[in-house]
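Step one of this worksheet: look at the structure below.
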Amino acid sequence: MKTKNQNKNSAFEKFASAVCKATGSTPAFIIAFLIVVVWAVSGPFFDYSETWQLVINTGTTIITFLMVFLIQKAQNKDSLAIQLKLNELVASNEYSSNSLVDIESMTEEEMEIIQKYYRRLSELAKKDETIRTSHSIAEAHEQHERKDKNRNQNKAKIKPAKKPNTPTATKTSKTSKK
């Protein structure tokens, strides 16, 4: 059940969203532009007086002051919605790192540590021979260790087969001399 305070916040949120949408529209820009044009054209009629200048300065200052708070309110709500959607995506994917859920509440230093991990992941991905990617630093390390192990094993298997001193190579060379 909603309290009176929640209803007031809801009404303010609706108002802030509506004003932000309206002021971000083409008609709102045209109206603002026309106000400035009318003000500029009226300059000669008021002899470009200080009062004439004060009207536009005061009007724009008041509107700007109020719009800052309305836009910030709408931005906060949008930002929170995006963060929640991203958290849901991270939490729902079994291969993603859950350490990223609620990352926006971490300190900048904690985020820099995570950024270092992702830089390392990027470096490992650049070493990949394919476009296949991994989902975590630990998985990337494991995958590269497996690849390196397989490469080393394959190199070890290939080297003996290429030796010219193998029994078949010497038999072939003896028979060709006859």
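The values are calculated or read from the model by the stated rules, or taken from the named source; none is laboratory data. Predicted model only: the values in this text are computed from it and were never measured. Every residue, glycine among them, receives a Cβ derived from its backbone with ideal geometry; neighbour counts consider all protein chains shown. Accessible surface areas use protein heavy atoms only, side chains included; no ligands, DNA or RNA. Shrake-Rupley method; radii C 1.70, N 1.55, O 1.52, S 1.80 Å.
Numbers for the structure displayed
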item	result
Carbon plus sulfur fraction of accessible area for the stretch 1-119, probe 1.4 Å, in percent	66 percent
Integer Hz, Karplus 6.51/-1.76/1.60 couplings in order for the stretch 45-50, x for Gly and Pro	5, 9, 6, 6, 5, 5
Estimated FRET transfer efficiency when R0 is 41 angstrom, pair Ser105-Lys157 (beta carbons, to 0.05)	0.20
